[in-house]
Amino acid sequence: MIVRPAPGLGELLRYVGELVDRGAGEVYESLGMSYRPRYTPVLRAMNAGAETVTEITSLAQVTQGAVSQAVGQMVADGLVVREQLPDGRKSGIRLTTAGRGLVEELKPHWEATFAAVIGLEREIGLPIRRVLADTATALEGEDFAARIHAARSRAGERTALRDVAAAVNWFDRGGQAYARFRPEYPSRLPMFLASLAPDTDLAVDVGCGSGQLTIQLASYFEATIGVDPSADQIANAPRRERVRYLQAPAEGLPVPDRSASLITAAQAAHWFDRPAFYAEVRRIAAPEAVIALISYGVMGLEPDLAPRFDHFYRSEIGPYWPPERALVDTGYAEIDFPFAEYPAPPMRIEKNWTLSEMLGYVSTWSAVLRAEHAGDTAVLRSFAADMTELWGEPTTTRQVSWPVVMRLGIL
């Protein structure tokens, strides 16, 4: 199938000009006039008092070359004559008797033509003459050749950015990237959780990853344990006094019975065998301990970036999300939670990120890892290239945010 290319500005202007001239020519023919429409700008300018090619060009907004050609043909047709002006320095142009008669004959036609133009403008809802006049003024200020060169330069810059985005494997990341790019929870969150706990003896952060929430909890508890099955994640977790990391699954926590005042699972509970995890929670929980399943939803971007990101998240990378991801998309509203619930206040994570930080965060998604393992790296590189182009200067920070949701229970 042949796809019709979008017409260029010159093509459209020529085509519209041809349609206008063709219609005007048909009217002249119906009036019994042998007349060239290209004479009209010259005749109207001369009727307004123009006496030289330069003056005609200024009044008619036609190029000097076109005016000179038209005048040459009008001399041959006996409509104008060339003559020396009184100052002796300029060659003037004067209407002949036939030319003056033709002007008088054309005046009613010109009035009808302008009425037709006004009707056309009303029909399409655009002031055609003003648009074209403004376009001419802009091109007089910076000619079209300069604009083409500038556009080629910008296109080269965008191509270079896309090439960089394609060359950099943004998605070849491990636990180090997880620790670097996963967003921190708002400081209000650990403070709130600590205030709910019966005491601040021990907090256990299950599925802690590289310790984002673990470290924040440590500011409020005498002891904090981060538990994760991944040695790589724990190796990249920050060390701090009163914090320990243990490699273990959520379904088998190496924590003493009835010792934890707070048990959290941040952006992790949807991966657990939850009945087995909940049994462990009941085992390690101190009296009136708090369990908190915490999740942040889909990242929100600025309006000019959001459509491309949403398409990537929903459609392109969407098939690589495991079924458990749906629990995150619904804000854990449908996750099984067999505890007496406590209401959670609304919270948000808000960051100002560079392009590298945003793509680095995306690189930590499990769906991205699945796409890589499936060999579908083209969709990842295409997304990175498109976001590079949309972002602007890569080091410019853009606002990103996530809604924080919780399911809170008291044991």
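Quick notes on this structure:
- Choice from ARG258, ARG188, ARG14 showing the highest fluctuation, given a GNM over the chain with Cα pairs closer than 10 Å: ARG14
- Take the Cα of GLN247, step 7 Å toward its Cβ, do the same at GLU334, and the gap between the two points is 3.5 nm.
- Computed [θ] at 222 nm, helices only, for the chain once each DSSP H run of length n ≥ 4 contributes -39500 (n - 2.57): -14500 deg cm²/dmol
- Nearest-ten-degree value, helix 144-167 long axis tilted from longest Cα axis of the chain: 20
- For the range 270-315, the square roots of the Cα gyration tensor eigenvalues, ordered a ≥ b ≥ c, give a/c of at least 1.5 with a/b no greater than b/c, which places it in the oblate category.
- Convex hull volume of the C-alpha atoms in the chain, normalised per residue: 229 Å³.
- Cα-based shape type of the range 9-82, given that a ≥ b ≥ c are square roots of the gyration tensor eigenvalues and the cut on a/c is 1.5: oblate
- Shape analysis of the range 215-294 places it in the oblate category; the axes a ≥ b ≥ c from the Cα gyration tensor give an a/c of at least 1.5, with a/b not above b/c.
- Here ALA136 and ALA306 are evaluated by their C-beta separation; at R0 = 45 Å the FRET efficiency comes out at 0.75.
- Pairwise FRET efficiency - ASP199 versus ARG370, Cβ, R0 = 41 Å, nearest 0.05: 0.50
- Protection proxy ranking, highest mean first, for peptides 23-30, 69-76: 69-76, 23-30, where packing is the per-residue count of other beta-carbon atoms within 10 Å, averaged.
- Here the accessible area of the chain is 54 percent carbon and sulfur, with a 1.4 angstrom probe and all protein chains present.
- In a fully extended conformation the segment linking ILE410 and GLU324 would gain 28.5 nm over its present Cα-Cα distance, using 0.36 nm per residue.
- Max mean-square fluctuation residue, GNM over the chain, Cα-Cα springs under 10 Å, options ALA133, ALA326, ALA266: ALA133
- Taking only the C-alpha atoms of the range 289-392, Rg followed by Dmax gives 16.0, 49 Å.
The values are calculated or read from the model by the stated rules, or taken from the named source; none is laboratory data. Since we're looking at a predicted model, the values are computed, not measured. Because the Cβ atoms are built from the backbone with ideal geometry, glycine has one as well, and the counts that use them run over all protein chains shown. For accessibility, only protein heavy atoms count, side chains too; no ligands or nucleic acids. Shrake-Rupley method; radii C 1.70, N 1.55, O 1.52, S 1.80 Å.
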